[in-house]
Structures are given as C-alpha cells and as structure tokens.
Amino acid sequence: MIGWLIIIKSLNLKNKLKLIGGKNLLSPKGLETRPTTSRVRESIRNILRERVSKCNWLDLCSGSGVMSCEALQMGARRVLAVELNKVTASICKSNLISTASELVNPFHLEVICNEVGKILKKGCKNNSLEFIKEFPAEDFRFDFVYIDPPYRSNLYSIILENLLLGNWLRKDAIAICEHSTQAFPKIPDKWLKLRNKTYGNTCIQFLTPNPALHHLYDIDSKLPQKGQG
C-alpha cells in the first residue's frame, strides 16, 4: 500500500473527481483520459439501483476507475478493472482501494494493466482464479460490464465479441457502452439493444446477450421505465 501511495504522489494529477456520494478521487492529467461525467454516472446509478448489490462488475478501459468506484459504493462484490496505461491503472487501483476502505461487506478488487483484447481472449475463468479461491461458492462471471474505450476506436465490437467467446457473462448480464453521439459503434448481432440514453455529446447504450431471449421475458422489464430513472 505504501508503494502505491508513493507512485500516486509523484504523478501529475488533475483536480480530484468526486463520486455521487461525495467522496473525492484522483484523476490523471492530460487529454488521454476522459472520466465519465457526474451527470452520466448519476443517471446510471438511478437506472441500475439495487441490481448492483452483490454483483460482479467488469470495467473495461477503466481510466481512473470512477465507474468501478461508483459500483463499489452501490454494493458490488467483485470489481475487475482493465486499463492499458500504466500510470492510469495505478490511479485506478488507488481510487478503488480508497473507496473500498470505507466498505463493510466482503468484496474482491483487481486491476489489470494490459490490452483489453488480450485479457478477454484469455477467458473469464483464467482471469478469476483469485476470486474463485476467495469466493468458491459464487459465480465468477459478470453481471455488468462498463465499456468506455477511446470514442473513435474499433474496440467496441472486439470487446463485445470476446465477452461472449470467453464466457465472461452471466445469461442476464448487461453491457453498458459509453460513446460519442457523433460516432455510434457497430453492435454485433449477438447482442440485443435495450435502451439508449443521451447526455449532451455522450451516449450510453444498454445491451444484453441475445441468448437471454430464450426466457421470453419482457425486455422493458429489465430496466426501469420512463420516469423511474
């Protein structure tokens, strides 16, 4: 822990981010990272609500980890963040540790500094060995995935395809894609679109894997209706 603090203190940081609950976080300086705005985060919290409690949350291209920290505060049990930039991954880990220090319920945190495609291709189980050891009776797969790569990258379709190929998701999982309103990513056919939400220049898409359709449930029942969130 001391080593992480030394690294963080030596970094060039922006003003602190603030979680919806009021806790301050660190944010890397520069244009390479684009933290999810408080408006978007608050809306997602209001939509997901109690569904996040005891869930497994996967944060891809996590940046400062602000979405993972929001999920932790809402009661997520497992958080796995993947970030390519070494400095940003360090800040992400520091933010998660700081947020988790205020929690009472059991949890499992991990930050992986690597290319998201390489990690996903290894498969979920191969990236869950520590979690399985700590929570052997729990499903190691993920309930929610937050996907926030550089807006004009081709990573969206690569990520969505490999989430299914690597058995990363529970059957009723929800993927949340953040992207620009000027550049809608191509969504593979194996995914079903649940809802779009627009906040200025930012769009959020809620997706679920098509195999979930065999339950013949009402799609609109997965997320609160208009006026509820």
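May I ask for the net charge around Leu72, where only other residues with Cβ less than 11 Å from the Cβ of Leu72 are counted and Lys, Arg are +1 while Asp, Glu are -1? Don't jump to the answer; show the numbers that get you there.
On the way: positive: Lys23, Arg77, Arg78; negative: Asp59, Glu70, Glu102.
Here the count lands on 0.
Taking neighbour Cβ counts within 10 Å as the exposure measure, how do Trp191, Trp168 sort from fewest upward? The partial results should precede the final answer.
Numbers: Trp191 19, Trp168 26.
Ascending number of Cβ neighbours within 10 Å: Trp191, Trp168.
Setting aside same-chain residues fewer than 8 positions from Lys23, which aspartates and glutamates have a Cα under 18 Å from its Cα?
Candidates past the 8-residue exclusion: Glu42, Glu70, Glu102.
Can you give me the long-range amide H partners of Ile112? Hydrogens built in the peptide plane at 1.01 Å from N, cutoff under 5 Å, separation of 5 or more residues or another chain.
Hits under the 5 Å cutoff: Ala81, Val82, Glu83.
Once amide H atoms are built 1.01 Å from N in the peptide plane, which residues 5 or more positions from Ile174, or in another chain, come under 5 Å H to H?
Here Phe144, Val145 satisfy the definition.
Excluding residues on the same chain fewer than 8 positions from Lys133, give the aspartates and glutamates whose Cα lies under 16 Å from its Cα.
Within the straight-line limit of under 16 Å, Lys133 reaches these aspartates and glutamates: Glu110.
How much length is gained on full extension from Lys171 to Ile158, taking 0.36 nm per residue of separation minus their Cα-Cα distance? Please list the in-between numbers first.
Working: separation 13, 0.36 × 13 = 4.68 nm, distance 1.94 nm.
Length difference between fully extended and current span is 2.7 nm.
Could you grab the relative contact order for the stretch 2-222? Cα pairs under 8 Å, six or more apart, rounded to a whole percent. Working shown, then result.
Working: 391 pairs, mean separation 32.7, N = 221.
Normalised by residue count, the contact order of the stretch 2-222 is 15 percent.
Charges at C-beta only: +1 for Lys and Arg, -1 for Asp and Glu. How large is the resulting dipole of the stretch 65-222 about its Cα centre, in Debye rounded to 20? Could you put the intermediate results ahead of the total?
Working: 19 positive and 17 negative charges, 80 e Å.
Using Cβ point charges on Lys, Arg, Asp and Glu, the stretch 65-222 gives about 380 debye.
Based on alpha-carbon positions alone, could you give the equivalent ellipsoid semi-axes of the stretch 2-222 from the gyration tensor, as √(5λ), descending, whole Å? Please report the intermediate quantities before stating the final value.
Working: eigenvalues 129, 83, 60 Å².
Semi-axes (√(5λ), whole Å): 25, 20, 17.
Could you pull out every one of the aspartates and glutamates with an alpha carbon less than 12 Å from that of Lys197, ignoring same-chain neighbours closer than 8 positions?
Glu178
When DSSP assigns beta bridges and you keep just the ones with both residues in the stretch 2-222, what percent turn out antiparallel, to the nearest 5? Before the final figure, lay out the partial values.
Numbers: 17 of 36 bridges.
The answer is about 45 percent antiparallel.
For Asn126 and Ser43 in one chain, what is 0.36 nm times their gap in residues minus the Cα-Cα distance, to one decimal in nm?
Details: separation 83, 0.36 × 83 = 29.88 nm, distance 3.30 nm.
Contour length minus Cα-Cα distance gives 26.6 nm.
Using the Karplus curve 6.51 cos²θ - 1.76 cosθ + 1.60 with θ = phi - 60°, work out ³J(HN,Hα) for each residue of the stretch 96-112 in order, rounded to whole Hz, and write x for Gly and Pro.
5, 4, 5, 5, 5, 5, 9, 8, 10, 6, x, 8, 9, 10, 7, 10, 10
None of the figures in this text is laboratory data; all of them are computed from the coordinates on show. Only a predicted model underlies this, so the values are computations on that prediction, with no experimental measurement involved. As a convention, Cβ positions derive from the backbone with ideal geometry for all residues, glycine included, and neighbour counts pool all protein chains shown.
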